[in-house]
1. Could you go through region 10-23 in sequence order and give the Karplus-derived ³J(HN,Hα) for each residue, using 6.51 cos²θ - 1.76 cosθ + 1.60 with θ = phi - 60°, rounded to whole Hz, and x for Gly and Pro?
2. Kindly provide the trypsin sites (Lys or Arg not before Pro) of region 60-98 that DSSP labels as loop, not H, G, I, E or B, and whose Cβ sees at most 16 other Cβ atoms within 10 Å.
3. Using a 1.4 angstrom probe, figure out how much accessible area region 37-121 has per residue, in square angstrom, rounded to the nearest whole.
4. Could you sort 105-116, 33-44 so that the peptide with the highest average Cβ count within 10 Å comes first and the rest follow in order?
5. Amide H neighbours of Ala33 under 5 Å, at least 5 residues apart or on other chains, H built in the peptide plane: list them.
6. Quick check for the chain: number of Lys pairs with alpha-carbon distance under 21 Å, counting only pairs 8 or more apart or on different chains?
7. When N counts the residues of region 63-121, how does its alpha-carbon radius of gyration compare numerically with 2.2 N^0.38 Å, as a ratio?
8. Counting only DSSP beta bridges with both residues in the chain, tell me the antiparallel percent, nearest 5.
Amino acid sequence: QVQLVESGGGLVQAGGSLRLSCAASGSFYSINAMGWYRQAPGKQHELVATITSGGSTNYADSVKGRFTISRDNAKNTVYLQMSSLKPEDTDTYYCYADIVPRFAWVHRDYWGKGTLVTVSS
């Protein structure tokens with residue numbers, strides 16, 4: 001009943017910018033934290049950025065100063081603005097959301113299918 005759909009991935013040259021979006025849809029009471037993970041073959045998954053419902057953010061050291069996470073609560077959407085992209089940023093990016101489903105008494109993380117970001121040299 002709850003679905004997260006990412007968009008905005010693609011190919012970009014090093015130094016360029018890209019904005020990822022992830023929209024939550026379905027039946028739920030509220031969304032708490034939202035964020036982004038990334039993973040590429042041969043690499044460990046990495047928590048890129050998170051944002052709480054109140055707007056508090058956290059970033060991985062590898063992206064601080066280059067990436068900005070934001071959210072539009074009215075649209076149930078989280079964004080990741082990526083600037084000064086590097087080849088090592090090449091990954092599949094997965095959004096997640098900590099959601100309280102409708103008629104539920106507990107919250108859980110939901111995950112999108114991922115969107116591929118490729119940064120060329």
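The values are calculated or read from the model by the stated rules, or taken from the named source; none is laboratory data. The structure displayed is predicted, hence computed values, not measured ones. So basically every Cβ, Gly included, is an ideal-geometry build from the backbone, and we count neighbours across all protein chains shown. Heavy atoms of the whole protein, side chains included, go into the accessibility calculation; ligands, DNA and RNA do not. Shrake-Rupley method; radii C 1.70, N 1.55, O 1.52, S 1.80 Å.
1. 3J(HN,Hα) across region 10-23, in whole Hz: x, 9, 9, 7, 3, x, x, 10, 7, 10, 9, 10, 9, 10.
2. Here the sparse-neighbourhood loop sites are Lys64, Arg66.
3. Using a 1.4 Å probe on heavy atoms only, each residue of region 37-121 averages 57 Å².
4. 33-44, 105-116
5. Ser53, Asp98
6. Going through the chain pair by pair, I get 5.
7. Its radius of gyration relative to the 2.2 N^0.38 Å reference: 1.40.
8. Rounded to the nearest five, the antiparallel share is 90 percent.
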